[in-house]
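To start, the structure under review is shown below, and the notes come after it.
Just so it is clear, none of the values below were taken in a lab; they were calculated from the coordinates. Bear in mind the structure is a predicted one, so any value in this text is a computation, not a measurement. FYI the Cβ positions are ideal-geometry reconstructions off the backbone, even for glycines, and counts take in every protein chain you see.
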């Protein structure tokens, strides 16, 4: 029997700032950027000093079958298979990706509003 690990503690630490950032996002690019920053912070806590995540290690793919993409560097980590298969990490990242995708699609529907904020 395998041990299940839970990373909801880390999720709860990252979530408030992520929500604030999503509310402040003025463009779809902001949403992608804030998602990557939040997931960078989450992965840093999950891999606790064994790996320092980079911005490119996880990206939002709003509207795709897989709402996020993990880099090969993360997937090649020694601890990755056991963490991914025996924890709630995938579900946590999915929750963040779904929140970000919702905001992304909301902003994509109103590009003229986004453009006016950028030009100000």
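Helix 28-46 sits at what angle to the longest principal axis of the chain, using alpha carbons and giving 0 to 90 degrees rounded to 10?
20
How much length is gained on full extension from residue 6 to residue 86, taking 0.36 nm per residue of separation minus their Cα-Cα distance?
Residue separation times 0.36 nm, minus the Cα-Cα distance, leaves 27.9 nm.
For residue 66 paired with residue 102, estimate the spin-label separation in nm (one decimal), with each label point 7 Å from Cα along the Cα-to-Cβ line.
For residue 66 paired with residue 102, the spin-label model returns 2.4 nm.
Hey, of (i) 1.66; (ii) 0.98; (iii) 1.13, which did the structure itself give for Cα Rg over 2.2 N^0.38 Å when calculated?
(iii)
Among 91, 11, 26, which one moves the most in a GNM of the chain with springs linking Cα atoms closer than 10 Å?
91
Divide by every residue of the chain the summed helix terms, -39500 (n - 2.57) for each DSSP H run of at least 4, and state the resulting mean residue ellipticity at 222 nm, rounded to the nearest 500 deg cm²/dmol.
The helix-only estimate for the chain comes to -20000 deg cm²/dmol at 222 nm.
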